[in-house]
Amino acid sequence: MPASPSFPTGNDAPLAFSPAELAVVRRAFARQMLAIAGVDNAAIAAAFAAVPREAFLGPPPWTAASPYAGPQVLAGTNPVVLYQDLVIALDPARGVNNGSPSLHARLLEALGPRPGEHVVHIGAGAGYYSAILAELVGPAGRVTAVEFDAALAARARAALGNRDNVRVVHADGSRWPQAPADDIQTPADGIYVNFAVTRPAERWIEGLAPGGRLVFPLGVPGPRQPGLGGRHAERGAALRIERRGTGYAARAIGAAYFVCAEGGDETDPDHLMRLRAAFDAGGLERVRSLIWKRPAPPGRSWFAGTDWALGEDEPR
């Protein structure tokens, strides 16, 4: 496990927590995040407990961020303040943050990474959840962490440098996983996407191994909020796709409002209008399949795009 970075304790020196005490705090934090998410998973709890969040967030002061409220600078410089269900800003100008730990606990449970698997983390940010994925796949597994922003990719590469089972790639996540180039493994057993899109990328669907799982946030971009940076989904949900034979099972995990994609996402106005109408009409819980590059049965889809749909019948 990486050592926690050392930060000055300043005015909160009398209340500073030692590394051993922070390890206890992390174990409690892990259990609390899983309880909030309604998840009972010993492997995910152990992964959250093993990874020091402060190693991926830079030095204090830290800022809690929200697409719906102004930023709040956290009082104190000891990392113990980070072990709450807070969204911590990584790049406020672009609206990029470290994400809600309880939400990620729920999404990781849906993804179900297993020891020895290859997981592609799309939108890796500074690498915190890449490190948790690395714990879940273990030393025999691999994580390919893909980040669009060069500065964040560099931060992730530095923070993850002592993890032999993680490779950080600075690239457009909609183009990953890629075909083998050197030691990149493809197809992927799991693909974990951490930004909102209006449709799944072709590489994500066609890059899944048999039995492979994709978790991604589907969302309709909202207006830019002054002072908050970036654009966040104003209607959104996380979906789980699983490759089964020649078809794909699909289900909704729950509401999720991520920052929107910066790469090659579809922005056709008619597509967005119909996707917004589908969210407004409800019924996402009826989704059972992803219909990919073939006609969708009339009247049996929650949403139908030009070459894909979320169907209400089991995959075939």
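Has region 238-247 got at least one residue that is assigned to a loop (DSSP other than H, G, I, E, B) and modelled with pLDDT under 95?
The first filter runs over region 238-247 and keeps only residues assigned to a loop (DSSP other than H, G, I, E, B), leaving 245-246.
If we keep only those that are modelled with pLDDT under 95 as well, we get 245-246.
Yes, because at least one residue in region 238-247 is assigned to a loop (DSSP other than H, G, I, E, B) and modelled with pLDDT under 95.
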Worksheet entry | Flag if residue 290 is closer than 18 Å to residue 213 by Cα and either touching an Asp or Glu at 6+ places or on another chain (Cβ under 7 Å) or modelled with pLDDT of 95 or more (or both) | yes
Item to complete: Output yes when any residue across region 56-63 is within 20 Å of residue 257 (Cβ to Cβ) and of a type outside the set (Val, Ile, Thr), and no when none is.
Response: no
Discussion item. Any residue at all in region 285-293 that's in contact with a helix residue (DSSP H, G or I) (Cβ under 6 Å, 6 or more places away or on another chain) and outside any helix (DSSP H, G or I)?
Written reply: yes
Worksheet entry | Hits in region 70-105 (condition: under 13 Å from the mean Cα position of the chain (by Cα) and assigned to a loop (DSSP other than H, G, I, E, B)) | 87, 98, 99, 100
Item to complete: Please indicate, with yes or no, whether at least one residue in region 256-268 is free of Cβ contacts under 8 Å to residues at least 60 places away in the same chain, crowded, with 17+ Cβ neighbours inside 10 Å and not in a loop (DSSP other than H, G, I, E, B).
Response: no
Discussion item. When you check residue 151 against the structure, is it of a type in the set (A, V, I, L, M, F, W, C) and assigned to a helix (DSSP H, G or I), yes or no?
Written reply: yes
Item to complete: State whether the residues of region 198-214 include one that is closer than 17 Å to residue 99 by Cα and either in a loop (DSSP other than H, G, I, E, B) or not small (Gly, Ala, Ser) (or both).
Response: no
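Among the residues of region 50-59, is there at least one that is small (Gly, Ala, Ser), part of a strand (DSSP E or B) and touching a Ser or Thr at 6+ places or on another chain (Cβ under 8 Å)?
No - not one qualifying residue is present in region 50-59.
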Practice prompt. Find all pairs meeting these conditions: Cβ atoms under 7 angstrom apart; at least six residues apart or on different chains; first residue within region 19-38 and without any contact (Cβ under 8 Å) to a residue 12 or more places away in the chain; second residue not in a helix (DSSP H, G or I).
Written response: none
Worksheet item: Got at least one residue in region 125-132 being of a type in the set (Phe, Trp, Tyr) and part of a loop (DSSP other than H, G, I, E, B)?
Response: no
Item to complete: State all residues of region 58-106 that are within 20 Å of residue 36 (Cβ to Cβ) and among the aliphatic types (A, V, I, L, M); if no residue qualifies, say none.
Response: 64, 65, 69, 74, 80, 81, 82, 86, 87, 88, 103, 105
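The values are calculated or read from the model by the stated rules, or taken from the named source; none is laboratory data. Everything numeric in this text was worked out from a predicted model, so none of it was measured. Neighbour counts run over all protein chains shown; Cβ positions are idealised from the backbone, glycine included.
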